[in-house]
Amino acid sequence: MSKISYDFKNRTAVITGGAQGFGFDIARRFLISGAKVVIWDNDSEMIEKALKNLDNPNLSSDVVDVSNYHDVEKSTNKIIKNSKIDILINNAGITGPTSALWEYDIKMWKRVVDINLMGTFNCCRAIVPNMIGNNYGRIVNVASVAGKDGNANASAYSVGKAGAIGLTKSLGKELADKNIAVNAVTPAGAKTRILDQMTKEHVQRMLSMVPRGRFLEVEEFTSLVCWLSSEENTFSTAAVFDISGGRSTY
């Protein structure tokens with residue numbers, strides 16, 4: 001666990017997919033650092049477990065399907081009615097089935113892209129105006145090394161994450177004259193429940209491409225997100241930060 005501390009006092013963070021995996025650990029670190037955290041997740045049972053495990057008065061939640069703009073807008077308005085939103089972590093995502101493109105289920109293709117790409121768009125569209133009004137914001141979009149390289153038999157996931165990278169670059173430039181930083185992170189495979197959505201063969205193929213020879217630890221990922229979300233990040237925006245153990249070198 002990282003010993004570096006960040007000051008998130010008087011900051012409010014929204015973390016999508018915050019009830020598990022990367023999102024849960026980011027919420028934990030933000031709370032330790034003094035932030036008020038709102039986790040959005042579409043799994044109400046996981047939200048209840050997260051609230052119980054984190055047990056912090058600065059933590060709240062909402063059941064949100066990020067692919068539904070009405071859901072996102074409604075939850076955003078609830079927060080900004082009495083507060084502001086300083087930090088947005090677009091972490092919600094699904095891998096979808098492992099399948100060749102020409103055999104890919106059309107409905108599942110749309111669902112994967114809707115969550116991974118449209119979900120990121122929806123949250124940014126709803127929340128950015130509040131950040132502009134407050135002249136402050138930090139947005140971190142959780143993409144993937146698959147968005148850079150393209151993973152065989154994971155075309156929908158690769159497309160969704162590639163789109164999130166493109167969105168990051170565009171939005172970061174649009175907000176560059178304001179005190180709002182927008183960056184993406186591209187992890188390789190990590191020890192989270194998302195691996196359970198993949199076949200063993202696909203997981204092994206992913207691992208074989210990482211020069212470090214292991215999967216990313218969740219705490220390592222959280223440390224990078226914390227810096228990008230902090231006031232210390234005063235210059236980097238519209239950028240893509242790799243955390244792939246050497247798999248991608250660009």
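General observations
- The charge dipole of the range 24-116, taken about its Cα centre with unit charges on the Cβ atoms of Lys, Arg (+1), Asp and Glu (-1) only, comes to about 360 debye.
- Reachable aspartates and glutamates from Lys161, criterion Cα separation under 17 angstrom, eight or more residues apart if same chain: Asp114, Asp149, Asp242
- For the range 25-116, the spread of Cα coordinates along the three principal axes comes to 48, 27, 22 Å, biggest extent given first.
- The orientation-averaged projected area of the convex hull spanned by the Cα atoms of the chain comes to 12.7 nm².
- Working note: Cα atoms of the range 158-250, range along each principal axis, descending, whole Å: 46, 26, 24.
- The alpha-carbon of Lys84 sits under 22 angstrom from the alpha-carbons of these lysines, leaving out residues fewer than 8 places away in its chain: Lys9, Lys36, Lys74, Lys178.
- GNM flexibility winner over the chain from Ala162, Ala239, Ala152 (Cα, springs under 10 Å): Ala152
Bear in mind that the values in this text are calculations on the coordinates, not laboratory data. As the structure is a computational prediction, the values presented were derived from the model and not from experiment. Positions of Cβ are generated from backbone atoms using ideal geometry, with glycine treated the same way; all protein chains shown enter the neighbour counts.
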